[in-house]
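What follows is a single structure, written as structure tokens, with notes after it.
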Amino acid sequence: MEQFIAFVKKEFYHVLRDRRTLFILFGMPLAQILIFGFALTNEVKNARIAVFDQAKDEASQQLISRITASGYFEIQEDVMDNSLMEDAFKSGKIKLAIIFPRHFENDLFHQHHAQIQVIADASDPNTATTLTSYISSIIQDYQAELAGGAAVMPYQIIPEIRMLYNPQLKGAPNFVPGVMALVLMLVSVMMTAISIVREKETGTMEVLLVSPFKPTWVILSKAVPYLILSLVNVLTILLMSVYVLDLPIAGSWVLLLAESTLFIITCLTLGIFISIKTKSQQVAMLISLMGMLLPTIMFSGFMFPIENMPLPLQLISNVVPAKWFYIIIKSIMIKGLGFEGIWKETLILIMITLFFFLLSLRSFKIRLE
Amino acid sequence: MVEHSASGAGSSKKSLNMIAVNHISKTYNGGAVKAVNDVSFTVDRGELFGLIGPDGAGKSSIFRMLTTLLLPDSGTATVNGYNIVTNYQQIRSSVGYMPGRFSLYQDLSIEENLHFFATLFNTTVEENYHLIADIYVQIAPFKKRRAGKLSGGMKQKLALCCALIHKPTVLFLDEPTTGVDPVSRKEFWEMLGRLKRQGITIVVSTPYMDEASLCDRIALIQQGKILSVDTPQQIIAAYPDQLYAVKAADMLRLVQILPTFRPSVNSYLFGEYIHVDALDINGDGLKDDLIRFLDAEGFKGIEVIPISPTIEDCFIKMLTS
């Protein structure tokens, strides 16, 4: 145990005495949180929506068929009550819901104005605004058609738009979980991999191996400091998002930190696996960047919506741990879900972690080469 | 001083030898590079044993096999009675190893490095301070300095302290004096002599032939093969011929002309002299012939001195014959 503590202490010396490492560790999360506010806008195709048609008359059916014909939307299900709709939103099955009131046609043709409710999942604000504006323009087209070219619209449909989860359409909810995934990937995977490979490269691993300290403990004591530093990073990012970006955390802090710890451990096992398989710091860094960071950016759903990708890419996204972490963090932070809402994603992360842990254990060498 | 390890799993047959190497071989790149080729030798307890050979002779590979860092392709070896393959854990806890490259933490200070390695071996600096005392006092004034900022000689002293701090039974030093200035080299060998007197078995490798005479016994090694294992005195005594040191005013021409003197004569530059070794004729006959030959060639300031060979001459002799 004393050896372990001495080792962890030594590891902290390494980190704290290297200005570049310190900068990557603590400068980057701050910079990224501030920079990523300007997220990219994306065109949305085949967004899955739900329709709650309480009228079931000719006018509502006409409007629904226009919405489906536009190509932007795909009706996932016809829901019959509000609680079902709520569930569909929470599980992420739908991005948007349209609710026609009873007597829609009656209101429209007799009272000359009717209402229609449009509810969007605004935890991804870009997608939500794009989708609602598409719906609005389809409704306007329909109105114009009914007017038959008259200058004054005789029949008015007023869409009542509601943004779920993120009514002010803040960009932060979207990118805070993304930046968290990105930073943890960078710190936990790359830094761990590099710090272990550095011992190989500088030859200190030779001295460490020729000692009573078990080689597996060498690796484990490397992971501890980075676990602690990563947790500090998570806390920094969360505190910044609460106090600087005014984004309250809807769900439980404890659950959020527990899930973050799980993801950090996932990343650490990935980092250790890379370090076992590589011999130089450059290779370890390249693999961490190309093999981990790039997929995290592309396939976590943080920059590019996964629903819009071709099927093969959607399948690939399933093996990217950051995707599951991103879903978990969004669910807790923004939707306020409890563990019952994210246990599937948690289980997948645990499986990925176990897989790489066992793989590392198998390929770990107690000698050089 | 000698540690008895009767209870060890691999020490069923207790021998006098601290290290016994039996026909070990090691190849790299799937057999393409033969680093160590059928090497056997033994090291006695308390002995200062030298592996002498040029770069790439396979010295480091032998060290890494004996310190259990590499597995031999074939052959067996024991260190303090422990098998290097099956009892690797016992060897790792009982030997001290100083790799060829400086392998301490450059961003840790002298003090921090020493304490870290002491803790790693379940001991403290205070407990075994007497072992390192006369080495450590030389670097103690700089103990707050980072290891990366030390001079070559100081780095080696620190590395030696770190390898000694757990009171090893055997000390493996892979080229400890390479890249170290002559004064520090001399000091370093004096330290090894003192450690030897404390009963520690030391195996040291070096490419410097002049350091060979400081060892109790040496193994001359070239291209993975051992040419000879003996005391330096015996190796020199076994030199078969009379060796001459030759000098003249025009050394450049002398180097070119000497090979034409006689086909059986071997000559090579050695410091400010040229060493000439005759295989067939010994004694003054050769000396007179040589002087006459050089006179005829018009050399001025001719010197031909009979000398006793150094280890390097023995090494060259073994390579050419």
* List every residue whose amide H lies under 5 Å from the amide H of B:F270, counting only residues 5 or more places away in sequence or on a different chain, with H placed 1.01 Å from N in the peptide plane. => B:H275
* With charges set only on the Cβ (+1 for Lys and Arg, -1 for Asp and Glu), what does the dipole of region A:47-164 come to about its Cα centre, in debye to the nearest 20? -> 220
* So between A:Q282 and A:K93, what do we pick up on full extension, going 0.36 nm a residue minus the alpha carbon distance? -> 63.8 nm
* Give me B:V180, B:V21, A:V8, B:V137 ranked fewest to most by other Cβ atoms within 10 Å of their Cβ, as a rough exposure proxy. => B:V137, A:V8, B:V180, B:V21
* Asked: So for chain A: antiparallel DSSP bridges make up what percent, rounded to the nearest 5?
  -> 15
* Structure fact -> Ordering A:297-307, B:89-99 by per-residue average of other C-beta atoms within 10 angstrom, highest first, gives B:89-99, A:297-307
* Sticking to Cα atoms, compute the Rg of chain A to one decimal and its Dmax as the biggest Cα-Cα distance, whole number, in Å. => 25.6, 91
* Residue (of A:M163, B:A35, B:L290) at the positive-pole extreme of the protein assembly as shown, dipole from beta-carbon charges -> B:L290
* Structure fact -> Output row, site B:F293, 7 Å Cα→C-beta label point, backbone N cut-off 19 Å, window region B:257-279, residues B:257-270, B:273-279
* **Rg/Rh (Cα only; Kirkwood hydrodynamic radius) as it applies to chain B** => 1.05
* Neighbour-count ranking [beta-carbon atoms within 10 angstrom, fewest first] of A:L270, B:L192 -> B:L192, A:L270
* **Extended-chain gain in nm, criterion 0.36 nm per residue less alpha-carbon gap, A:F12 and A:L257** => 86.0 nm
* Asked: In peptide A:213-226, how many Cβ atoms from other protein chains are near each Cβ within 10 Å, on average?
  -> 1
* Given the C-alpha centroids of region A:322-354 and region B:51-94, what is the distance between them in whole angstrom? -> 49
* Asked: Helix hunt in chain A: which complete DSSP H runs extend at least 24 Å axially by C-alpha with mean Kyte-Doolittle at least 1.0?
  -> A:215-243, A:253-277, A:343-363
* To do: Tell me the Kirkwood hydrodynamic radius of region A:172-363 in angstroms, computed as one over the mean inverse distance between distinct C-alpha pairs.
  => 17.2
* Output the pairs from A:K10/A:K344; B:K287/B:K317; B:K149/B:K225 with a Cα-Cα distance over 27 Å in this structure; if there are none, say none. => A:K10/A:K344; B:K149/B:K225
* Report the dimensions of the protein assembly as shown along its three principal axes from the alpha-carbon atoms, largest first, rounded to Å. => 137, 60, 46
* Helix B:311-320 sits at what angle to the longest principal axis of chain B, using alpha carbons and giving 0 to 90 degrees rounded to 10? -> 70
* Determine, from the Cβ-Cβ distance of B:V183 and A:N46 and an R0 of 60 Å, the FRET efficiency 1/(1 + (r/R0)^6), rounded to the nearest 0.05. => 0.15
* Compute the acute angle (0 to 90°) between the alpha-carbon long axis of helix B:110-120 and the principal axis of greatest extent of the alpha-carbon atoms of chain B; round to the nearest 10°. => 60
* Asked: What's the extension gain from A:R367 to A:W343 if we count 0.36 nm per residue and subtract their Cα-Cα distance?
  -> 4.7 nm
* Estimated [θ] at 222 nm from DSSP helical runs (n ≥ 4, -39500 (n - 2.57)) normalised by residues in the protein assembly as shown, nearest 500 -> -14000 deg cm²/dmol
* **chain B: angle of helix B:129-139 to the longest principal axis, Cα-based, in degrees nearest 10** => 60
* Asked: For labels at A:R198 and A:A31 in the simple 7 Å Cα→Cβ model, what's the distance in nm?
  -> 1.8
* Direction-averaged shadow area of the convex hull around the Cα atoms of region A:47-164, nm²? -> 6.9
* Could you work out, residue by residue across B:107-116, how many beta carbons of other chains sit within 10 Å of that residue's beta carbon, and then give the average as an integer? => 3
* To do: Assign unit charges at the C-beta atoms only (+1 for Lys and Arg, -1 for Asp and Glu), then state the dipole size of the protein assembly as shown relative to its Cα centre in Debye, rounded to the nearest 20.
  => 1160
* What is the order of A:D57, B:D134, fewest Cβ neighbours within 10 Å to most? -> B:D134, A:D57
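Laboratory data are not the source of any read-out in this text; all were calculated from the coordinates shown. Source: prediction; values computed, not measured. Ideal geometry is used to build each Cβ from the backbone, glycine not excepted, and the neighbour counts take in all protein chains shown.
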